[in-house]
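Just below is one structure, and these are the notes that go with it.
The values are calculated or read from the model by the stated rules, or taken from the named source; none is laboratory data. The structure presented is a predicted model; accordingly, all values stated were derived computationally and were not measured. Neighbour counts are summed over all protein chains in view; Cβ atoms, including those assigned to glycine, are modelled from backbone coordinates with ideal geometry. Note: areas computed on protein heavy atoms with side chains; ligands, DNA, RNA excluded. Shrake-Rupley method; radii C 1.70, N 1.55, O 1.52, S 1.80 Å.
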Amino acid sequence: MSTDKVDASPRQAGGGGRTGAAVPTLNAANVLTVLRLILVPVFAVALFAADPGDITDVTGIADASSQLWRYVATAVFVVAALTDRVDGWVARRYGLVTNFGKVADPIADKALIGAALVGLSVLGELPWWVTAVILGRELGVTALRFWVIRHGVIPASKGGKAKTLAQVVAIGLVLLPLPAQAEPVEWALLGMALVLTVATGVDYLVRALRLRATARTAARRGTVGPE
């Protein structure tokens, strides 16, 4: 349940969720989050098991073993990404939001995306500047979240969800052992992911500044008292 799309509002307990009982840390949503963390090193091993020279050779014919490993890496990445969607739905549907989940979920998200981006850049299949832009945005938003957390939680935006989906789809295509003819499509999706990444980062910064300013104004008025 990505922190771009989950807040700790009471509505998360709706739809038959818990309304007053304490939520156990060991629950379905958190199990899925931990599974995503476990899948990150599995993905990394599968990614580096293939010889990148055999996947993108000039003849366009990939070595069967290397190609198989790349399909395995892609499959693990997709499954891990899907757990991000499922654990968020489970947490909201059944009111299983916990402090552990709030901390572990963003760590799992960033670990998965970060492993894919850094791995592809190390293999020379993705420019380092793309990795720097996306990871820089994620780290910046995390820092902003901690900066304003005592003032409140910034609600999820549709742009944040679209950003995550675009990143997953673009990275998934780059992971696949596709022929060189597919590169324009890959770059088009990467471009869309980068635009959404930067735009939502700026939007989050603006909303964080507004939240902080509103909270400080309210605090000053509370100190002065009613006129």
Discussion item. How much length would be gained if the chain were fully extended between residue 209 and residue 38, taking 0.36 nm per residue of separation minus their Cα-Cα distance, in nm to one decimal?
Written reply: 58.0 nm
Worksheet item: Ordering 158, 110 from largest to smallest accessible area (1.4 angstrom probe), what's the sequence?
Response: 158, 110
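Where does each of 38-49, 202-213 land if you order them by average Cβ count within 10 Å, highest first? Let's see the in-between values first.
Values: 38-49: 17.5, 202-213: 14.4.
Result, highest mean first: 38-49, 202-213.
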Discussion item. For the pair residue 122/residue 151, report the inter-label distance in nm, with labels modelled 7 Å from Cα in the Cβ direction.
Written reply: 3.9 nm
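Taking 35 Å as R0, compute the FRET efficiency from the Cβ-Cβ separation of residue 67 and residue 89 and round it to 0.05. Kindly include the intermediate steps, with their values, before the conclusion.
Values: r = 33 Å, r/R0 = 0.96.
Using R0 = 35 Å, I get an efficiency of 0.55.
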Worksheet item: Spin-label point model (7 Å from Cα, Cβ direction): what's the residue 217 to residue 75 distance in nm?
Response: 5.5 nm
Fill in: Two-site label geometry, residue 102 and residue 22: point separation in nm, points 7 Å out along Cα→Cβ
1.6 nm
Item to complete: Report the paramagnetic label zone for residue 185: residues of the range 102-118 whose backbone N is under 17 Å from a point 7 Å from Cα along the Cα-to-Cβ axis.
Response: none
